[in-house]
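Trainee: Just dropping this structure here.
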Amino acid sequence: MRSDNLKSYLHLHFIVFIWGFTAVLGALISIGATELVWYRMLIASAVLFLYIKYKGISLKANRKTQLGLTVAGIIIALHWLTFFEAVKISNVSITLAMMSTGAFFTSILEPIFYKRKVIWYEIVFGLLVICGLYLIFEVETRYTEGIIIALISALLSAVFTLINGKFAQKHNPIVISFYELFTGTLFITLFLAVTARFDAAFFQLKQLDWVYLIVLATVCTAYAFFASVKVMKHLTPYTIMLTTNMEPVYGIILAFLILGDAEQMNTGFYLGAILILCTVILNGILKHMRKRKAIRVLNGIKTIE
């Protein structure tokens, strides 16, 4: 059992490493963010559909669920559109540093979604995140537009996570993922059709772009999803949370190694990014401690009864 946990832990780090590589691929692919996301979602949903058919998994869902998954699909499409747009107009480091604020947005929105009280330290951590953002804004004014778009992407990611959390409790994760990717593809297809973007040039991609897109859609999207679901069966949510927070760290290191000087930032940026990351991790640790304390109290009450 301990061996399974260790393998799952190492596997999760590999998956997070892949997620960190996603932004680098976005920078390497020469086409625009909209086209990139359309190809990514189309290929990934096709791969998932083939897998579902191969495994004989039912795609049946009631209308209410289909509607909810459609909304989630549109939100994840918008998240990826803003994410890759931020990469294109700023760089990988800026985008991933801003994505670290996703946990902060989640802590703000979670009381609204799940109707719970705001915890006092979440307000303190929120202020620390704002300080981190201020440090980055101060030294990287050339990337202001990219920072704002990346923050919108982080907010959309938080909303998507909260919506998905409710569906994941009742439905097959593979089916959920397929519906969201497919409806997201339809949403972008409609946008491209309305704006008359489907022309001959749209489908004339460089050979290297095709290679990067296939890696992005299959390895970084379809595979990473399946693998993350599998390893989560052997790991605690606390371990998963701490490990996934390494995504911007892996991504920024990979970007510096692959993209070179374009990713070199001022000292203030790294100080702000570290402050945000440490705040997010500390928030997770305190939440874990609070949850364990609540469980101990509950078990104590049961013992007395």
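Trainee: Any idea which of Val231, Val249 is at pLDDT 70 or above, closer than 17 Å to Leu96 by Cβ and of a type in the set (A, V, I, L, M, F, W, C)? Walk me through it before giving the result.
Mentor: On the way: Val231 fails: closer than 17 Å to Leu96 by Cβ.
After ruling out the rest, the residue left standing is Val249.
Trainee: On to the next question. Mind listing whichever residues of the range 1-30 are in contact with a helix residue (DSSP H, G or I) (Cβ under 6 Å, 6 or more places away or on another chain), surrounded by fewer than 21 Cβ atoms within 10 Å (Cβ to Cβ) and in a loop (DSSP other than H, G, I, E, B)?
Mentor: Of everything in the range 1-30, just one residue is in contact with a helix residue (DSSP H, G or I) (Cβ under 6 Å, 6 or more places away or on another chain), surrounded by fewer than 21 Cβ atoms within 10 Å (Cβ to Cβ) and in a loop (DSSP other than H, G, I, E, B), namely Ser30.
Trainee: Taking the condition more than 23 Å from Phe187 (Cα to Cα) and of a type in the set (Lys, Arg), does Lys55 pass? Even if it seems obvious, please write down each step before you answer.
Mentor: Values: more than 23 Å from Phe187 (Cα to Cα): yes; of a type in the set (Lys, Arg): yes.
Yes.
Trainee: Here's another thing I want to ask about it. For the range 31-73, enumerate the residues that are part of a helix (DSSP H, G or I) and in contact with a His (Cβ under 9 Å, 6 or more places away or on another chain). If you could, list the steps in order and put the result at the bottom.
Mentor: Quick first cut of the range 31-73, residues part of a helix (DSSP H, G or I) only: 33-55, 63-73.
Matches in the range 31-73: Thr65, Leu69.
Trainee: Does the range 53-70 contain any residue that is charged (D, E, K, R) and closer than 24 Å to Ile152 by Cα? Step through it out loud before you land on a result.
Mentor: Residues of the range 53-70 charged (D, E, K, R): 53, 55, 60, 63-64.
The next check asks that each one be closer than 24 Å to Ile152 by Cα; those that pass are none.
No, there is no match, as no residue in the range 53-70 is charged (D, E, K, R) and closer than 24 Å to Ile152 by Cα.
Trainee: Only one of Glu110, Glu85 is among the charged types (D, E, K, R), in contact (Cβ under 8 Å) with a residue 60 or more places away in the chain, surrounded by fewer than 24 Cβ atoms within 10 Å (Cβ to Cβ) and part of a helix (DSSP H, G or I). Can you tell me which? If you could, list the steps in order and put the result at the bottom.
Mentor: Details: Glu110 fails: in contact (Cβ under 8 Å) with a residue 60 or more places away in the chain.
After ruling out the rest, the residue left standing is Glu85.
Trainee: While we're on this one: Name the residue, out of Val280, Val297, that is surrounded by 14 or more Cβ atoms within 10 Å (Cβ to Cβ) and modelled with pLDDT under 80.
Mentor: Result of the check over Val280, Val297: Val280.
Trainee: Taking Ile76 as meeting all but one of (1) assigned to a helix (DSSP H, G or I); (2) surrounded by fewer than 24 Cβ atoms within 10 Å (Cβ to Cβ), write down the number of the exception.
Mentor: In the conditions (1) assigned to a helix (DSSP H, G or I); (2) surrounded by fewer than 24 Cβ atoms within 10 Å (Cβ to Cβ), Ile76 misses (2) alone.
Trainee: So, one more: Only one of Val219, Val175, Val139, Val211 is over 17 Å from the mean Cα position of the chain (by Cα) and at pLDDT 90 or above; which?
Mentor: Matching residue, one of Val219, Val175, Val139, Val211: Val211.
The values are calculated or read from the model by the stated rules, or taken from the named source; none is laboratory data. Nothing here was measured: the structure is a model prediction, and the numbers come from that model. All Cβ positions, glycine included, derive from the backbone under ideal geometry; neighbour counts span all protein chains shown.
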